[in-house]
Amino acid sequence: MKFVFYFTFIFYHSLVTQAQKSMDNNNLPCQIIYKIDVNVKSKRPDRNTTPPLWKYALLTICKPFDEKITPQRQVIGVEWKGKTYWKELIEVNKVFETEEDAFSYSKTNTIPIASFKDNPNKVDYLSDNTSMPSQTKQAYIGIAKNAKAGACLIDDQNVMYLIDNLSEWTDNLLNKRLVVSGLLRVEEQIEPLQNDKGEYSAGTEGRSNIITNPELPKIRVTSSLIVVFKKETEESIAEKIMEASDYPFWKGMDSSKGKIYFYKTGNKYHILFPSELEKDSFKKKFEVKSEIYEIYQPNWESQKD
């Protein structure tokens, strides 16, 4: 199911009146999301000298029966079940900063979103939510913290993201730098960003950022290394060195080295990284430490006795 849209201006009272009745009888959506040029200041193209800036916006395209008709209001043509209907552009309710925000709002609130094929100046079609282009999971990197509303991630710009359905981080992830993949849902902020005690909630003023369907760091999946300490290095010293890395770690190793290697070396740790760049940086910085025997890339497919 899809809507085909194009824009025009209606100057005839009778046509809008008749179209309004048709719309009400066909259950067409009263709100849609599509890209608009937010730099447009006038209906006359010659008066718009600023370069176009296209952003998704939430629009209301229905009006009460008793509202006075505005003959020169912009109208959206809707091709629906083989017929063309007209909807007036009543109000721009919200402009979304990013495409992710728009798709998240559409999915959460079941509002159809416009998609474009070739010409950004024209809405080619508007799909319903069942056929809406699927979101791709994004990777979010930051420090794991526990907030009043639950587990959250604070990125390098100090933006906070709540982790959906996670009340708190486990001890080995809390306060560590890590990556979480998921879909971003943006919700309106009901409570102030900062409460009376000075505590901060997740999001920015006016909205909360929530990572839904989260994928947490996981051994064998997340980028990782094995840190092997020398036999004479005490466990307390090894733990202190690992804590200084700011990344989540667990005791253990893969099975690619065999028993002889295992017994001739000291404590061993899995350590997980949010990116390959940070993994390489860690390896260069820590492999020169005198307490460490070696740092290597695990091979999960190899298994030695």
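Quick notes on this one:
- In the condition set (1) under 29 Å from MET242 (Cβ atoms); (2) surrounded by 12 or more Cβ atoms within 10 Å (Cβ to Cβ); (3) at pLDDT below 90, GLN157 is compliant with all but (2).
- Matching residues in the range 259-292 - criterion: being more than 17 Å from PHE249 (Cα to Cα), among the aromatic types (Phe, Trp, Tyr) and surrounded by 13 or more Cβ atoms within 10 Å (Cβ to Cβ): TYR261, PHE262
- Tallying residues that are surrounded by 17 or more Cβ atoms within 10 Å (Cβ to Cβ) and closer than 20 Å to LEU272 by Cα within the range 133-142 yields 2.
- ILE241 vs. criteria among the aliphatic types (A, V, I, L, M) and at pLDDT 95 or above: yes
- Scope the range 160-202; condition within 27 Å of SER275 (Cα to Cα), at pLDDT below 95, outside any strand (DSSP E or B) and in contact with a Phe, Trp or Tyr (Cβ under 8 Å, 6 or more places away or on another chain); matching residues: ASN172, ALA202
Residues are listed down the side, and each one gets a yes or a no for (1) assigned to a strand (DSSP E or B); (2) within 13 Å of the chain's Cα centre (by Cα); (3) modelled with pLDDT of 85 or more:
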| residue | (1), (2), (3) |
| --- | --- |
| THR84 | yes, no, no |
| ASP101 | no, yes, no |
| SER104 | no, yes, no |
| LYS122 | no, no, no |
| THR130 | no, no, no |
| ALA139 | yes, yes, yes |
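The values are calculated or read from the model by the stated rules, or taken from the named source; none is laboratory data. The structure displayed is predicted, hence computed values, not measured ones. FYI the Cβ positions are ideal-geometry reconstructions off the backbone, even for glycines, and counts take in every protein chain you see.
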